Every structure is written in structure tokens, then in C-alpha cells.
Amino acid sequence: MITRLFLDHPRSVDESYLEHARFAGAFSLRLFAAAFCALVHAVLPFAFEKTASRMIAEMYAKTHNRGQ
């Protein structure tokens, strides 16, 4: 059961547990950065006009159809 919980999903995207942890960790940092840019843009509309949406589109492109 422990193996299934920790390894089934990483294997489904053809990664080891550590590879998946690294990818997911880096992905979460990028999400925080995009959120920060969106927050700054909310207060200062001239700043980061397209940054957050560009970052999200790039992240989607990296993950779309992963493991299929």
C-alpha cells in the first residue's frame, strides 16, 4: 500500500519518486512566482501585464498530456 501511495503517480508520468518531487517542487515555486506577479499587477496594473498568464501557459504546455 505504501508503495502504491508514493510510487504509482510518479510512475504514471515516467518518473522516479525523486524526479517527481523535484518537478513538483519547481512547479510550485513557479506557481508562487506567477501568483506574486498577479498580485503586484492587481495593485500596479502597469507592472507584469502579461507575466503571470505567460508563466501559466508555459507551465500548462509542460504538463499537458504528461504520461500519456
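Nothing in this text is a laboratory measurement; each read-out follows from the coordinates by a stated rule. Computed from a predicted structure; not experimentally measured. Cβ sites come from the backbone with ideal geometry, for glycine too, and all protein chains shown count toward neighbours.
Mean sequence separation of contacting Cα pairs (under 8 Å, at least six apart), scaled by the length of the stretch 2-63, corresponds to a relative contact order of 22 percent. Extents of the chain, largest first, come to 50, 22, 15 Å (Cα atoms, principal axes, whole angstrom). As a calculated quantity, the FRET efficiency between Ala57 and Arg22 at R0 = 30 Å, using C-beta atoms, amounts to about 0.85.
Across the stretch 24-30, computed HN-Hα scalar couplings (Karplus, 6.51 cos²θ - 1.76 cosθ + 1.60, θ = phi - 60°) run 5, x, 5, 4, 5, 5, 5 Hz from first to last residue, x flagging Gly and Pro.
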